[in-house]
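Written below as structure tokens is the structure these notes are about.
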Amino acid sequence: MNKRQIRLLAILEILNNNSIGSQEELSRLLAARGFFVTQATLSRDLKALKTTKVVSSLGGYRYIVTKPGEVPEDEIYETVPTTAQTGTHRNVESMRFTGNMLIFRTPFGYASGLAYDLDQLVTPYILGTIAGADTVMVATAEDASRDEILDFFKGFVPERVIANARKQIAEASNN
């Protein structure tokens, strides 16, 4: 087993036996075990282990392993897809524009996962995201039309969500 796989096992052990709410906290516990890693490396490790943040029973957030399994072999990181056509986020309940902001609503606890996936998209339309528990705010490019942005999200969110967003845009332009 190589050094990275041993570190991934240590991360799994820490996450399974502690309520870890931040990468900083996880980094300190790893350092206590002799693993000194950058934030970027820790982020890649958490992604490789398929972790996510969820609301803990104590109120804050904690990392969990969403798909427990074997420690991944060293992999070659693939490039990020260039469109949103990589799978539908069925838990997106609505999309609504306000100014150059696009607001996504999800069930409680799903927003951070959605924001992560949005941040992975390579697009001129998304400038950045902020996630809450059930809401993701997306800063969009000012020069992009709302129709272009909605077209980009075909296949990423349910078609009914896009249809409702188009309807709201049409109603707003009629007022």
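The values are calculated or read from the model by the stated rules, or taken from the named source; none is laboratory data. Just so we're clear, the structure is a prediction, and the values are computed from it rather than from any experiment. Glycine also receives a Cβ, built like all others from the backbone with ideal geometry; neighbour counts cover every protein chain displayed. Only protein heavy atoms, including side chains, enter the accessible area calculation; ligands, DNA and RNA are left aside. Shrake-Rupley method; radii C 1.70, N 1.55, O 1.52, S 1.80 Å.
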With Kirkwood's inverse mean 1/r over C-alpha pairs for Rh, give me the Rg to Rh ratio of the chain, two decimals please. 1.04
From the helices alone, meaning DSSP H stretches of at least four residues, give me the mean residue ellipticity at 222 nm for the chain, per-run term -39500 (n - 2.57), in deg cm²/dmol to the nearest 500. -12000 deg cm²/dmol
With Cα coordinates, the longest principal axis of the chain makes an angle with the long axis of helix 39-48, in degrees rounded to 10, of 80 degrees
Regression test value, accessible area per residue of the chain, probe 1.4 Å, units Å², expected 60 Å²
Rounded to a whole %, the carbon-and-sulfur portion of the accessible area of the chain at a 1.4 Å probe is 52 percent
How do 91-100, 6-15 rank on mean C-beta neighbours within 10 Å, highest first? 6-15, 91-100
Residues whose modelled amide H sits under 5 Å from the amide H of E93, counting only those 5 or more places away in sequence or on another chain, are R105, T106
Between the helical axis of 23-32 and the dominant principal axis of the chain, each derived from Cα atoms, what acute angle in degrees is found, rounded to the nearest 10? 10 degrees
Tabulate in residue order the Karplus-calculated ³J(HN,Hα) for region 152-169, using 6.51 cos²θ - 1.76 cosθ + 1.60 with θ = phi - 60°, rounded to whole Hz; enter x for Gly and Pro. 4, 8, 4, x, 8, 10, x, 4, 4, 5, 5, 4, 5, 5, 4, 4, 5, 5
